[in-house]
Amino acid sequence: MIALSGIAKRFPNGVQALNDLSFTVGRGEFVSLLGPSGCGKSTALRLAAGLLTPDAGTVTCADGKPQIGFVFQDHTLMPWADAMTNARLPLDLKRVPREQADACAVAALARVGLAGFERAYPRELSGGMKMRVSIARALAAQPQLLLLDEPFAALDEITRNTLGDDLLKLWREDGLTVLFVTHSVSESSYLSQRVLVMTSRPGRITADIALASGRDSRLSPVTIEAQRFISGALNTAIAA
Amino acid sequence: MRRLADFLLPLAVAAFLLGAWEAAVAHWQVPAYVLPAPSAIARAFADNFGSLMEALASTLAVTLEAFVAACVLGIATATAFSQSRLLERTLYPYAVILQVTPVVAIAPLILIWVGFERINLALVIIATIVAFFPILAGATLGLKSADFNLIDLTRLYGASRLQTLWRIRLPNALPYLLSGMKTAGGLALIGAVVAEFVAGSGTATGLAWRIVESGNRLEIATLFAALALLALTGVMIFAALSFLEWWLLRRWHESAISAS
Ligand SMILES: Nc1ncnc2c1ncn2[C@@H]1O[C@H](COP(=O)(O)OP(=O)(O)OP(=O)(O)O)[C@@H](O)[C@H]1O
Ligand SMILES: [Mg+2]
């Protein structure tokens, strides 16, 4: 689906965020990008989305540029617009006719469990609900590739787990390709099929771990075993 | 209940002060050409009602025209600035120069250039210069302070600059713009009054001119009546713009929500 190869990125202030970063995400995969804070995960995700240009290396998409859905670390909603208008934004920008856009937005909100909140403004919603609107917005344009930047980092554990399960469900139903940035070992071990571990800055991939199937609950032995393995790889990456 | 108190308490204070004023003038027998009693001012107001209202209409027209002109010019300039950093860097210093130069100093020049036969246009231009800057500053800040991530999101969906401006930047600028407009409303009135003062006798017909004229004739009660009318106009403009601000922001902006 998307391949980054030999990526380097240096910011104008002299910070070398990434150096020789390469990885691929196949069609339909759910991949986690895991690394310590400040290692360049957000930068890598923005490069993948084409919001930043690399200094060196290439970002290639196998079959044309896919429609991308992007979920930021915070909800990034328009405070002046209700949930419906927020979820509809991608369609409005693509000049989809109003009625069709409305229907898509309503459907997207319903899928993230927000039916009945179409007319609520962001300030009237809880943190978790705002994050759901943000996900609904990413889904509204029917993306092939969903990029998420620590979407649940600011939420409590209960909400985080629920939203994680919802995300898994959406991924299975839609045949989405998901690249999920996180700093949580347990989240990556449960949600994804593959975990990419990054070193501290300048970031690059040090381990590419394919996870065994059978992780159907957060506490199943296979999941716990995966966690142990990922933790080990992460510790090696940080020490290196 | 709270709102009623907000209204009644200042009113009670006003009644008390007016009563004390009336009593003090009567007690010390202050001459009317120094400080007229409120009752005398009220009488002067009633006697000159027609001409005062005409003067008010004239000043108000200049103020409103200048305010609208300042809004249009300020928003247009800020929008142009938001689209081109180069343009902003080139022209912003001139906007600042216009702002910091005392308008009384440029007013005579404008009057001469525009000509006394088009006095109203000259007054509107002077008042517009005074009211322009807060709108430009508010709109510029608002257009620039939109969430970068939100702007990036519009790029992901291939939005045009116009779409980003219309869907993200302008709504984001609204609170800043309205706050600038509240300041500008008062400044437009001040600008109109200053312009009338500078224009001087025979030409201007507004409230400021009534104040100068009444002062020259030592009709201090009429002067006070005109002054009170001017203050009331200022308050009404501020109230109207505050209401507009609350109404437009009531669903989403913290400032309007805490006030309701
Ligand atoms: N716009 C920018 N200008 C300058 N430096 C930046 C910019 N964005 C990020 N950086 C730097 O690049 C490095 C990587 O940042 P990035 O946001 O990608 O990290 P991250 O892995 O997402 O961290 P976190 O887990 O804390 O979100 C950091 O050291 C940061 O200071
Ligand atoms: Mg980050």
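Derivation of every value follows stated rules applied to the coordinates shown; laboratory data play no part. Keep in mind the model is a prediction, meaning the values are calculated, not measured. Here Cβ is always computed from backbone atoms with ideal geometry, including for glycine, and neighbour counts include all displayed protein chains.
Could you tell me the center-to-center distance, by alpha carbons, between the stretch B:43-76 and the stretch A:173-240 in angstrom?
Measuring centre to centre over Cα atoms gives 70 Å.
So how do A:Lys169, B:Lys144, A:Lys130 line up by other beta-carbon neighbours within 10 Å, fewest first? All intermediate terms of the calculation are to be shown ahead of the outcome.
Numbers: A:Lys169 11, B:Lys144 16, A:Lys130 22.
Starting with the residue having the fewest Cβ neighbours, the order is A:Lys169, B:Lys144, A:Lys130.
Where both partners of a DSSP beta bridge lie in chain A, what percent of those bridges are antiparallel, to the nearest 5?
45
What lysines could a cross-link reach from A:Lys41, if we take a straight Cα to Cα line under 29 Å and drop same-chain neighbours fewer than 8 places away?
By straight Cα distance, A:Lys41 reaches A:Lys9, A:Lys65, A:Lys94, A:Lys130, A:Lys169, B:Lys144.
Just counting partner chain Cβ atoms within 10 Å, what average do the residues of peptide A:70-81 show around their Cβ? Spell out each step's value before the answer.
Numbers: counts 5, 1, 5, 1, 2, 1, 6, 2, 9, 9, 11, 4.
Counting Cβ atoms of other protein chains within 10 Å of each residue's Cβ and averaging gives 5.
Sort chain B into rounded, prolate or oblate with this rule: let a ≥ b ≥ c be the square roots of the eigenvalues of the Cα gyration tensor; rounded if a/c is under 1.5, and if a/c is not under 1.5, prolate when a/b is larger than b/c, oblate otherwise.
Oblate, because a/c is 1.5 or more while a/b does not exceed b/c.
Mean residue ellipticity at 222 nm from the helices of chain B, using -39,500 (n - 2.57) per DSSP H segment of n ≥ 4 over the full residue count, to the nearest 500 deg cm²/dmol? Provide the component values of the computation, followed by the final result.
Working: 12 runs with 215 residues, N = 260.
Per the formula, -28000 deg cm²/dmol.
So which DSSP H runs in chain A come out at 18 Å plus along the axis (Cα) with average Kyte-Doolittle of at least -1.0?
Values: long enough: A:98-111 (20 Å, 0.13); A:127-140 (20 Å, 0.51); A:157-174 (25 Å, -0.94); A:221-239 (27 Å, 0.65).
Helices meeting the span and hydropathy rule in chain A are A:98-111, A:127-140, A:157-174, A:221-239.
Do the sum for chain A: with -39,500 (n - 2.57) for every DSSP H run of n ≥ 4, divided by all residues, what is the mean residue ellipticity at 222 nm, to the nearest 500 deg cm²/dmol?
Details: 7 runs with 92 residues, N = 240.
Per the formula, -12000 deg cm²/dmol.
Once whole DSSP H runs in chain B are found, which of them have Cα atoms spread over 30 Å or more along the helix axis and a mean Kyte-Doolittle score of at least 1.6?
On the way: long enough: B:2-28 (39 Å, 1.04); B:49-83 (50 Å, 1.39); B:119-144 (38 Å, 2.05); B:170-199 (40 Å, 1.23); B:220-249 (43 Å, 2.08).
Qualifying helices: B:119-144, B:220-249.
Show me, for the stretch A:33-39, the HN-Hα J-couplings you get by feeding each phi into the Karplus relation (A = 6.51, B = -1.76, C = 1.60, θ = phi - 60°), rounded to Hz, glycine and proline as x.
10, 10, x, x, 4, x, 7
Note down the magnitude of the dipole of the protein assembly as shown about its Cα centre, charges +1 on Lys and Arg C-beta and -1 on Asp and Glu C-beta and zero elsewhere, to the nearest 20 debye. Present the calculation step by step, with values, prior to reporting the outcome.
Working: 41 positive and 37 negative charges, 185 e Å.
For this selection, approximately 900 debye.
Can you tell me the length gained on complete extension of the stretch B:Phe49 to B:Ala12, counting 0.36 nm per residue apart and subtracting the Cα distance?
Details: separation 37, 0.36 × 37 = 13.32 nm, distance 2.57 nm.
Stretched out fully, the B:Phe49 to B:Ala12 stretch lengthens by 10.8 nm.
Could you tell me which residue out of B:Ala159, B:Ser82, A:Gly35 lies farthest along the dipole of the protein assembly as shown toward its positive end? Charges go on the beta carbon: Lys and Arg +1, Asp and Glu -1, centred on the Cα centre.
Going by the charge dipole, the pick is A:Gly35.
Just counting partner chain Cβ atoms within 10 Å, what average do the residues of peptide B:160-172 show around their Cβ? Intermediate results must be reported in sequence, preceding the final value.
Numbers: counts 2, 0, 0, 4, 1, 0, 1, 6, 4, 0, 1, 4, 3.
Mean shielding count: 2.
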